[in-house]
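Q: My questions will all concern the structure given below.
The values are calculated or read from the model by the stated rules, or taken from the named source; none is laboratory data. Note that the structure is a prediction, hence the values are computed from the model and not measured. Note that we place each Cβ from the backbone using ideal geometry, even for glycine, and neighbour counts take in every protein chain shown.
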Amino acid sequence: MSYNSQPSVDYLANRMKRLLSTGEDADVQFLVGKDDNKELLSAHKPILKLASEVFAEMFRCDDTEDESAAWEVINSSPIVITDVEVVPFKIMLSYIYTDQSHGMNGDNAIAVLHAAKKYRINGLVIHCTNFPISQLPDVFFAFTQAKLLGEEQFATHCLNYIDHNAITLFEQSEAFLKIDQKVLSEIFGRDQLQVIGEMDIWKAALRWADEKCRQNGIDCSGDNRRAVLGPTLFQIRFPLIPKGDFSEKIVPSGVLTKDEMFAVLLYHSSREIATADCQVPSELKFATTQRSYICKQTLFAKIKQFSSVAASTQMVFFQPIDGAVVDIKGIRWHLVYSLLQTYENKKCESLCLSLKCNKSVRGADWKCHCWATMRTVPQQKMGNDYLDRFRNTYDIFRDLNSEYATLNIFLNIKKLMDPANGWYNAEEDTVTIVMDFFTYKPMKTDATHY
């Protein structure tokens, strides 16, 4: 035998995992699931009782001195569990035996939380409520379940996620259409919703209301929309919608009564002619508190002499693009580009777009959360946008030590030049890019952090 050989180590977690998977000496069985999705699972009462007071109470009257109990379990009736599905129950057992939640993911995390709460497995509850909300397929369902289960902090995390992603969720999420009126009203009532303007709330309300009308087999008329929205209608801050949009889009919808429309228009008029301490009309039923609105700016950038840019064999950094400027939170930023290559003396392959501001700007030690959409302008009929819905979220930093924002967008030069794509204008030798910036409220930051 070699003195250098090391015996393999069989750790406790591995032994417990093996005990669970083999069911060796198991003394209890559970028939878990409903209908065709049932499975018989074996476990060990002493382990379950130590992990859960619910299991301890369940097995309290067992005759622990009966040595034949483990042998008779095969012939005894299993404990039927119908309110927990098979996979979440298995994950719960795995945690009880190994302290690890093997198999938990976005699709089953809420179901596992339900099981953990039912059997009072506190450690697993913490695992579930710490699960990344961005990985959950339905944050609205997670929110309602968190409230139902008494997990208020987790419910708050869900609401915060909804606040920060309101536009995307309201415009694109199918899960948003499934929430009930009470949840919709709670969400629309939040000051923290980060939308570009109150019209985003109105559009979301119409999307939700029209879906409910279709489900109920009724027309999407003004009266029916008002009926399905119910009290939620009064969470929409109509006075904050610009007067032009209100007159052109809200009034013709037929959702508001004449008195409600008159009160909003009166509010608009009073704001135009009154002093800062003007009174809100007493007839106004809608809130006038500002939300955490997102600021939107659009930047048009035309990169000239693009064939020379594409042919470059030298890397260049932070070249300004003529006229490509955008104001973000009171500071003017310039769009600049860099050319990057993988191998020296070869053509540059990537075009990197960045933001640069005047370093001499003083007193601007802040950061703000930002996301951007970018698209090219097709130069030919068959051309499509390079990235129709490019979206990335950044923290834009501005401080006294840096003149660049932490925002970089990389584009493939070969694709931009490809005639089949229609993005390059050969006659003008240009590529035109449009960028929309959506920025949140800036926050003060340490001047050394950027």
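Q: Which condition from (1) at pLDDT 85 or above; (2) within 30 Å of residue 373 (Cβ to Cβ) is the one that residue 314 breaks?
A: With (1) at pLDDT 85 or above; (2) within 30 Å of residue 373 (Cβ to Cβ) applied to residue 314, the lone miss is (2).
Q: Looking at the stretch 183-197, is at least one residue assigned to a helix (DSSP H, G or I), closer than 14 Å to residue 286 by Cβ and not basic (Lys, Arg)?
A: yes
Q: Still on this structure, I have one more. When you check residue 324 against the structure, is it within 32 Å of the chain's Cα centre (by Cα) and either modelled with pLDDT under 85 or part of a helix (DSSP H, G or I) (or both), yes or no? Give the derivation first.
A: Numbers: within 32 Å of the chain's Cα centre (by Cα): yes; either modelled with pLDDT under 85 or part of a helix (DSSP H, G or I) (or both): yes.
So residue 324 passes the test.
Q: Now for a different question. Just to be sure I understand the filter: pairs with C-beta atoms under 8 Å, separated by 6 or more residues or on different chains, first member in the stretch 105-116 and without any contact (Cβ under 8 Å) to a residue 60 or more places away in the chain and farther than 14 Å from residue 130 by Cβ, second member small (Gly, Ala, Ser) and in a loop (DSSP other than H, G, I, E, B). Which pairs pass?
A: Taking only residues 6 or more apart or on different chains, not a single pair turns up.
Q: Moving on. Got a number for residues in the stretch 40-61 being part of a helix (DSSP H, G or I), of a type in the set (A, V, I, L, M) and surrounded by 16 or more Cβ atoms within 10 Å (Cβ to Cβ)?
A: Final tally of qualifying residues: 4.
Q: Would you confirm whether or not the stretch 181-202 contains a residue that is surrounded by fewer than 15 Cβ atoms within 10 Å (Cβ to Cβ), within 30 Å of residue 122 (Cβ to Cβ), at pLDDT 95 or above and over 13 Å from the mean Cα position of the chain (by Cα)?
A: Checked the stretch 181-202: at least one residue is surrounded by fewer than 15 Cβ atoms within 10 Å (Cβ to Cβ), within 30 Å of residue 122 (Cβ to Cβ), at pLDDT 95 or above and over 13 Å from the mean Cα position of the chain (by Cα).
Q: What about residue 107, is it surrounded by 15 or more Cβ atoms within 10 Å (Cβ to Cβ), under 30 Å from residue 207 (Cβ atoms) and of a type in the set (Asp, Glu)?
A: When the stated conditions are applied, residue 107 does not pass them.
Q: Could you list, in sequence order, the residues of the stretch 271-309 that are crowded, with 16+ Cβ neighbours inside 10 Å, at pLDDT below 85 and outside any loop (DSSP other than H, G, I, E, B)?
A: Answer for the stretch 271-309, where residues must be crowded, with 16+ Cβ neighbours inside 10 Å, at pLDDT below 85 and outside any loop (DSSP other than H, G, I, E, B): 295, 297, 299.
Q: Out of 375, 332, 391, which single residue is at pLDDT below 55 and assigned by TED's automatic domain parsing to the domain that holds residue 421?
A: Selected residue: 391, the only one of 375, 332, 391 that is at pLDDT below 55 and assigned by TED's automatic domain parsing to the domain that holds residue 421.
Q: Can you confirm whether residue 246 is at pLDDT 90 or above, assigned to a helix (DSSP H, G or I) and surrounded by fewer than 17 Cβ atoms within 10 Å (Cβ to Cβ)? Full working, then the answer.
A: Details: at pLDDT 90 or above: yes; assigned to a helix (DSSP H, G or I): yes; surrounded by fewer than 17 Cβ atoms within 10 Å (Cβ to Cβ): no.
The answer is no for residue 246.
Q: If you go through the stretch 33-47 one residue at a time, how many are within 9 Å of residue 85 (Cα to Cα) and not small (Gly, Ala, Ser)?
A: Summing the residues that are within 9 Å of residue 85 (Cα to Cα) and not small (Gly, Ala, Ser) in the stretch 33-47 gives 3.
Q: Of the residues 259, 210, 191, which is farther than 23 Å from residue 139 by Cβ and among the acidic types (Asp, Glu)?
A: Only one candidate passes the filter, namely 259.
Yes/no matrix, rows are residues, columns are (1) polar (S, T, N, Q); (2) touching a residue at least 40 places away in the same chain (Cβ under 8 Å); (3) closer than 16 Å to residue 293 by Cβ:
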{"residue": "170", "(1), (2), (3)": "no, no, yes"}
{"residue": "199", "(1), (2), (3)": "no, yes, yes"}
{"residue": "203", "(1), (2), (3)": "no, no, yes"}
{"residue": "208", "(1), (2), (3)": "no, no, no"}
{"residue": "220", "(1), (2), (3)": "no, no, no"}
{"residue": "227", "(1), (2), (3)": "no, no, no"}
{"residue": "240", "(1), (2), (3)": "no, yes, yes"}
{"residue": "244", "(1), (2), (3)": "no, no, no"}
{"residue": "257", "(1), (2), (3)": "yes, no, no"}
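Q: Continuing with this model, one more query. Looking at the structure I just gave you, is residue 25 over 30 Å from residue 109 (Cβ atoms) and either surrounded by 11 or more Cβ atoms within 10 Å (Cβ to Cβ) or modelled with pLDDT of 95 or more (or both)? Don't jump to the end; show me each part of the working.
A: Details: over 30 Å from residue 109 (Cβ atoms): yes; either surrounded by 11 or more Cβ atoms within 10 Å (Cβ to Cβ) or modelled with pLDDT of 95 or more (or both): yes.
For residue 25, the condition - over 30 Å from residue 109 (Cβ atoms) and either surrounded by 11 or more Cβ atoms within 10 Å (Cβ to Cβ) or modelled with pLDDT of 95 or more (or both) - is met.
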